[in-house]
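J.: Dropping the structure in here first, questions after.
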Amino acid sequence: VDAGAGSGDLAYRGEDPADYVRSYEKRSNRDENDYSDIVELCRAFDTGATPDAQFEDEMLRLIDVYEWAYFFAIQDFLTNIDGGIQTNNGEDYFLYRVPYESTRPDAGLWLILPWDLEETFTDANTGLFITDVATVRRFLRHPAFAPLYLASLKDLRAGIASRQEMRPRY
């Protein structure tokens, strides 16, 4: 699924799939024209539809929480300030749901994939938790998932984003 034109912010817009078609372009399974999976995902991020007591379980059921936390950690490390799901709107990313019949350990879960990364390393003072997208902030600040995000940042800092690794690349 391609989240396009700044509107794929994972906000719940009700149960009518037609309300999601303009914001989420299906790149696979187009013939099915079934947006119930997107509706389900957006509903899970909504505070009214998914109370805090159920949020952790819904996220674990629907998304690869480790991959999502790493995605946002990398975006922050890159200081990707381009308008996108990582900053202030719902664009510049893809969603992919691993098929249920896959032998992968993340079978049936949504992955979030980067797109449009040309505005990176532009402001070293940007900081962390930079997103203004309510759905993403809910995920990143939730007590169960904030540690995953912070651990991802720590992993980046100790590995590919360490001075030892980055200095030769400059």
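The values are calculated or read from the model by the stated rules, or taken from the named source; none is laboratory data. As the structure is a prediction and not an experimental result, all values here were calculated from the model. Glycine gets a Cβ as well: all are built from the backbone with ideal geometry, and neighbour counts include every protein chain shown. What goes into the accessible areas is simple: the full protein's heavy atoms, side chains included, and nothing from ligands, DNA or RNA. Shrake-Rupley method; radii C 1.70, N 1.55, O 1.52, S 1.80 Å.
J.: Could we say that residue 86 is under 30 Å from residue 122 (Cα atoms) and either touching a residue at least 12 places away in the same chain (Cβ under 8 Å) or not hydrophobic (A, V, I, L, M, F, W, C) (or both) here?
T.: Yes.
J.: Output the number of the condition that residue 53 fails; it satisfies all remaining conditions of (1) touching a residue at least 24 places away in the same chain (Cβ under 8 Å); (2) surrounded by fewer than 19 Cβ atoms within 10 Å (Cβ to Cβ); (3) small (Gly, Ala, Ser).
T.: Looking at each condition in turn, residue 53 falls short on (1).
J.: Pick from the range 123-143 the residues that are in contact with an Asp or Glu (Cβ under 9 Å, 6 or more places away or on another chain) and open to solvent by 70 Å² or more (accessible area, probe 1.4 Å): which of them is farthest from residue 67 (Cα to Cα)?
T.: Checked the range 123-143; the qualifying residue farthest from residue 67 (Cα to Cα) is 134.
J.: Further question: Consider only pairs whose beta carbons are under 8 Å apart and that are at least six residues apart or on different chains; among these, list those whose first residue lies in the range 119-145 and is more than 15 Å from residue 10 (Cβ to Cβ) and whose second residue is assigned to a helix (DSSP H, G or I) and basic (Lys, Arg).
T.: The qualifying pairs are 129/137; 129/141.
J.: Working only within the range 149-170, note down all residues that are farther than 21 Å from residue 136 by Cβ and of a type in the set (Phe, Trp, Tyr).
T.: Result: 170, single match.
J.: Could you go through the range 93-109 and let me know if any residue there is touching a helix residue (DSSP H, G or I) at 6+ places or on another chain (Cβ under 8 Å), polar (S, T, N, Q) and either under 24 Å from residue 53 (Cα atoms) or open to solvent by less than 40 Å² (accessible area, probe 1.4 Å) (or both).
T.: no
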